[in-house]
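Colleague: The structure's right below; bear with me while I get my questions together.
The values are calculated or read from the model by the stated rules, or taken from the named source; none is laboratory data. Since we're looking at a predicted model, the values are computed, not measured. Heads up, the Cβs are rebuilt from the backbone with ideal geometry, glycines too, and the neighbour counts pull from every protein chain shown.
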Amino acid sequence: MSQHAPAYPRRSLARYLIDATKSLVTGLGITGRYLAHPKEVVTREYPDNRTQLRFAERFRGPVTMPHDEAGEHRCTACGLCEKACPNGTISILATRNLADKRVLGQLVYHLGQCSFCGLCVEACPFDALRMSHEFELASDQKADFERVLNHKEGR
Ligand code: SF4
Ligand code: SF4
């Protein structure tokens, strides 16, 4: 016997026109305000402004390994970042130097798997990793998604 009530109450045509007009006026008001105050415009004219783009400090791009002026990084090949990574994006290939000390052979970063969570950076006790501000990562070359972050063996 009972008919289901409509999920939303039906609006009269007059009500609909009033709401639509209000919405239109609000939108035009915002457009007019930005026309009058161009410095407040938040829309980024990407990609024309590529060189002036500024990122929030917390922006997470691909993982990177900073090197100092002498070309040295801070990694000790401890492997904690590899363990902290939830999806196997980092592979630590350790080796031994002439003094038989364990050193980093390669830190292989499988960029295509990275979720940019930052857990590897947090896990590193030597502050050897950073989330970069790199963007525009699209590529049709598979090799672009397999990176070795250190410059050479032991460094
Ligand atoms: S950012 Fe996250 S997913 Fe990417 S390498 Fe680090 S821990 Fe792994
Ligand atoms: S980057 Fe940091 S956590 Fe990863 S192996 Fe090197 S020292 Fe250890």
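Colleague: What are the pairs with Cβ atoms under 7 angstrom where one residue, in region 9-38, is in a helix (DSSP H, G or I) and the other, located anywhere, is surrounded by 10 or more Cβ atoms within 10 Å (Cβ to Cβ)? Sequence gap at least six, or different chains.
Modeller: Listed by first residue and then by second, the contacts come to Tyr34/Val41.
Colleague: Can you list residue pairs whose Cβ atoms sit under 8 Å apart, with the first residue in region 64-83 being at positive phi and the second being surrounded by fewer than 18 Cβ atoms within 10 Å (Cβ to Cβ) and among the basic types (Lys, Arg)? Count only pairs 6 or more apart in sequence or on different chains.
Modeller: Cβ pairs passing all conditions: Gly71/Arg155; Ala77/Arg102.
Colleague: Here is a further query. For region 70-86, name all the residues that are under 16 Å from Gly105 (Cβ atoms) and within 6 Å of ligand 2 (Cβ to nearest atom).
Modeller: Correct list: Cys75, Thr76, Ala77, Cys78, Gly79, Cys81.
Quick grid of which residues meet (1) at pLDDT below 95; (2) away from ligand 1 (no atom under 16 Å from the Cβ); (3) outside any loop (DSSP other than H, G, I, E, B); (4) over 21 Å from the mean Cα position of the chain (by Cα):
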| site | (1), (2), (3), (4) |
| --- | --- |
| Gly71 | yes, yes, no, yes |
| Asp100 | yes, yes, no, yes |
| Gln106 | no, no, yes, yes |
| Cys120 | no, no, yes, no |
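Colleague: Checking the conditions here, which among His110, His37 is of a type outside the set (Asp, Glu) and within 17 Å of Leu149 (Cβ to Cβ)?
Modeller: Unique residue meeting the criteria: His110.
Colleague: Examine region 133-143 for a residue that is hydroxyl-bearing (Ser, Thr, Tyr) and within 8 Å of ligand 1 (Cβ to nearest atom), and state whether such a residue exists.
Modeller: No, region 133-143 contains no residue that is hydroxyl-bearing (Ser, Thr, Tyr) and within 8 Å of ligand 1 (Cβ to nearest atom).
Colleague: Could you count how many residues in region 76-87 are near ligand 1 (Cβ under 8 Å from one of its atoms) and either surrounded by 16 or more Cβ atoms within 10 Å (Cβ to Cβ) or under 15 Å from Arg147 (Cα atoms) (or both)?
Modeller: Residues that pass the stated criteria total 3.
Colleague: Right, next: Output yes when any residue across region 116-123 is under 30 Å from Gln52 (Cβ atoms), within 14 Å of ligand 2 (Cβ to nearest atom) and β-branched (Val, Ile, Thr), and no when none is.
Modeller: yes
Colleague: Mind checking which residues of region 49-60 are farther than 20 Å from Phe126 by Cα and either surrounded by 13 or more Cβ atoms within 10 Å (Cβ to Cβ) or among the small types (Gly, Ala, Ser) (or both)?
Modeller: If the condition is that a residue be farther than 20 Å from Phe126 by Cα and either surrounded by 13 or more Cβ atoms within 10 Å (Cβ to Cβ) or among the small types (Gly, Ala, Ser) (or both), then Ala56, Phe59 are the ones that fit.
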